[in-house]
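What follows is a set of notes on a single structure, which appears directly below.
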Amino acid sequence: MSAFRRRSRLVAACGRLLPLALLCIFVPPGRAQTVRPVIAEFQEKARARFELVNNSLIPLNVILEPKSFTLNEDGLPSFRPLDKEIHLKLSTMSFRIPPRQTYYIFYEATADRYPAWFVIYATFAGLPQQSGLNVQLELPHTVYLLQKRPLEERDVQIQAAEFIPDSHQVTVELENRGDCYGRVEQVEIDGGRDKTSHPGFPLMPHSRRKIQVDWKASQPPQRLLVRFKKFRLEKALQERRN
């Protein structure tokens, strides 16, 4: 993600599924179910735990569902059943969390090849109805199993870096031409006196990633800076002309 944020489902009283949002929801006041950490990274094998917190005043039932996913150029995921080359052991698949309690999930994960990644969705059921609908809240714990060799500067190229005056946006396109997974820590747009930034995101092997960053200053931006853990990329911004 990250790559991932919260998503929810609304299920009608008759049982018909009504999608509220794919990956981002607004949680009503007083609704305080949490997963932490949201993202975990390991070098190859994982042996870890994550927490699910129920801060509400009612007990909730939880079901876990592991899934594999692919990110498109805009960073939006498409989900599928867990790939057979990923081997995951969970301490449990379903349980009940009492009010104001935390439940720990222990897991081990390996893969036939690295890097590999997957998400474990926790579906909370038993929340109060809203407008006659039964509510289910899904929270993700996303796991990346990293290769031994880190992503290197030679693997990544800035394919586009343009300022669009009409929309006051900077368009950035990155390409990872290597076999390694990496993570952009921050994208910074520099206009001299003014600066703005975009949060980090994963950069999958042999993939492209496009982002748009709003630029609100009166003067056009001049420079793009993309920060990774062990290196950074810089490029002068071009102004798109009609």
* Set Q130, Q159: member being over 14 Å from P205 (Cβ atoms) and modelled with pLDDT under 95 -> Q130
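Determine if the stretch 163-174 includes at least one residue that is outside the structural domain of T34 (by TED's automatic domain parsing), of a type in the set (S, T, Y) and surrounded by fewer than 20 Cβ atoms within 10 Å (Cβ to Cβ).
As a first pass, look at the stretch 163-174 and keep what is outside the structural domain of T34 (by TED's automatic domain parsing): 163-174.
Then keep just the ones that are of a type in the set (S, T, Y); that gives 167, 171.
Those left that are additionally surrounded by fewer than 20 Cβ atoms within 10 Å (Cβ to Cβ): 167, 171.
Scanning the stretch 163-174 turns up at least one residue that is outside the structural domain of T34 (by TED's automatic domain parsing), of a type in the set (S, T, Y) and surrounded by fewer than 20 Cβ atoms within 10 Å (Cβ to Cβ).
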* **Selection within the stretch 156-177 - within 21 Å of the chain's Cα centre (by Cα) and not charged (D, E, K, R)** => V156, T171, V172, L174, N176
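Can you tell me which of R113, R177, R193, R183 is loosely packed, with under 12 Cβ neighbours inside 10 Å, assigned by TED's automatic domain parsing to the domain that holds A217 and within 30 Å of K229 (Cα to Cα)? Talk me through it step by step, then tell me what you get.
Numbers: R113 fails: assigned by TED's automatic domain parsing to the domain that holds A217; R177 fails: loosely packed, with under 12 Cβ neighbours inside 10 Å; R183 fails: loosely packed, with under 12 Cβ neighbours inside 10 Å.
Of the residues listed, the single one that is loosely packed, with under 12 Cβ neighbours inside 10 Å, assigned by TED's automatic domain parsing to the domain that holds A217 and within 30 Å of K229 (Cα to Cα) is R193.
Can you go through E51, E138, E73 and tell me which one is modelled with pLDDT of 95 or more, assigned to a strand (DSSP E or B) and not assigned by TED's automatic domain parsing to the domain that holds R183?
Working: E138 fails: modelled with pLDDT of 95 or more; E73 fails: assigned to a strand (DSSP E or B).
The unique qualifying residue is E51.
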* Single match in G178, G192, G182 (criterion: at positive phi and either polar (S, T, N, Q) or out of contact with any Ser or Thr (no Cβ under 7 Å at 6 or more places or on another chain) (or both)) -> G192
* To do: Among the candidates T102, T123, T70, T92, single out the residue that is under 21 Å from P202 (Cβ atoms) and of a type in the set (S, T, N, Q).
  => T70
* If you go through the stretch 218-239, how many residues are under 11 Å from A160 (Cα atoms) and either surrounded by 15 or more Cβ atoms within 10 Å (Cβ to Cβ) or among the basic types (K, R) (or both)? -> 3
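The values are calculated or read from the model by the stated rules, or taken from the named source; none is laboratory data. Since we're looking at a predicted model, the values are computed, not measured. Heads up, the Cβs are rebuilt from the backbone with ideal geometry, glycines too, and the neighbour counts pull from every protein chain shown.
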